[in-house]
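Below: one structure, written as structure tokens.
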Amino acid sequence: MKRYLVFALVGPFVGGFLLLLTTTYQSGYWTQTSLGEVGKLFAVFFKTLQYSYLFGFLPSLMIGAVDDILTHVRRIGPGLRMLLVGLFAFVLASLTYSSRGPDSGAVQFILYGLVGFVPAVISSWLVHKYIKEPQPVAAPT
């Protein structure tokens, strides 16, 4: 249960911020802005944080379920599990957020993929580091 709580709290927060950074980069905000206007970015982030949790809650729990399933596989260590969970989230976020029109490309695919990859890996690492994981039971022979 604690695993899902970590994913539900960390995932939408980090993912929402990365999604905001990605969309501002895609719109050209960073080419026209000064360092003084970065405060506006954080103001927008905190004003839209409720929507990050509203729309990111269930996807974060789904990624947490994948992490939970991979915990029960004996041959997969924590490092490989974090990588697999991150790659799964990368693909899902890329397919969800990136467009497939004429403006799509590798940069867009990677940036939107990182929106899923980074929160999934951070959440999986936090779970591994601070929450006691059940040890898989050996199959009877």
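The values are calculated or read from the model by the stated rules, or taken from the named source; none is laboratory data. Worth saying up front: this structure is predicted, and the values here are computed from it rather than measured. Note that we place each Cβ from the backbone using ideal geometry, even for glycine, and neighbour counts take in every protein chain shown. The area values use the complete protein model at the heavy-atom level, side chains included, leaving out ligands, DNA and RNA. Shrake-Rupley method; radii C 1.70, N 1.55, O 1.52, S 1.80 Å.
Just one of Phe90, Phe109 is open to solvent by 50 Å² or more (accessible area, probe 1.4 Å) and not hydroxyl-bearing (Ser, Thr, Tyr); which is it? Quick ask: steps written out before the conclusion?
Numbers: Phe90 fails: open to solvent by 50 Å² or more (accessible area, probe 1.4 Å).
Going through Phe90, Phe109 in turn, just one is open to solvent by 50 Å² or more (accessible area, probe 1.4 Å) and not hydroxyl-bearing (Ser, Thr, Tyr): Phe109.
For the structure I just gave you, tell me whether Pro59 is out of contact with any helix residue (DSSP H, G or I) (no Cβ under 6 Å at 6 or more places or on another chain), under 22 Å from Ile131 (Cα atoms), surrounded by 19 or more Cβ atoms within 10 Å (Cβ to Cβ) and not basic (Lys, Arg). Spell out how you get there, then give the answer.
Working: out of contact with any helix residue (DSSP H, G or I) (no Cβ under 6 Å at 6 or more places or on another chain): yes; under 22 Å from Ile131 (Cα atoms): yes; surrounded by 19 or more Cβ atoms within 10 Å (Cβ to Cβ): yes; not basic (Lys, Arg): yes.
Answer is yes for this residue.
Please verify whether the range 37-48 includes one or more residues that are under 19 Å from the mean Cα position of the chain (by Cα), surrounded by 13 or more Cβ atoms within 10 Å (Cβ to Cβ) and not in a helix (DSSP H, G or I).
Yes, the range 37-48 has at least one match.
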